[in-house]
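Visitor: Have a look at the structure that comes next, please.
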Amino acid sequence: MKALAGHRVRGGATRQVVLLLLAGALLVLAGASYWWMSRPEAAPSGEFVAFHCLKCGRTFQLSHAQLDKLWEKHELRTGSDGHVLVKCEKCEEFTAGRAEEPATGER
């Protein structure tokens with residue numbers, strides 16, 4: 001009977017180790033899926049966003065890649081109304097906001 005009791009203790013310890021390994025694997029899997037889902041998606045490279053300067057009236061376009069570079073360099077500003085402002089290529093001030101209509105011709 002004592003031999004059987006010792007076997008049960010070892011079996012219980014083995015079960016705990018298996019459950020601990022399974023819980024660890026689930027935690028690793030949850031962490032990996034959180035990391036995968038939280039990665040930023042690349043912006044479409046062939047699309048452009050139109051901007052219009054309120055100071056000089058110039059309308060120009062920036063690609064999503066250009067906007068990403070401006071974001072990384074901290075070269076975007078937020079206007080008093082909360083909209084994003086970029087530096088106008090002509091007057092070189094942060095007075096160009098996103099245009100309602102796509103810009104025609106200029107890039």
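Visitor: Which of rounded, prolate, oblate describes region 48-98, given a ≥ b ≥ c as roots of the alpha-carbon gyration tensor eigenvalues and a/c under 1.5 marking rounded, otherwise prolate only if a/b is larger than b/c? Please list the in-between numbers first.
Guide: Values: a/c = 1.60, a/b = 1.21, b/c = 1.32.
It comes out oblate by the Cα gyration axes.
Visitor: Further question on the same structure: Per-residue counts of other Cβ atoms within 10 Å, averaged by peptide: what ranking do you get for 78-86, 18-26, highest first?
Guide: On the way: 78-86: 12.1, 18-26: 10.0.
Listed from highest to lowest mean packing, they are 78-86, 18-26.
Values in this text are rule-based calculations from the coordinates and carry no lab data. Bear in mind the structure is a predicted one, so any value in this text is a computation, not a measurement. All Cβ positions, even for glycine, are placed from backbone atoms using ideal geometry, and neighbour counts span all protein chains on display.
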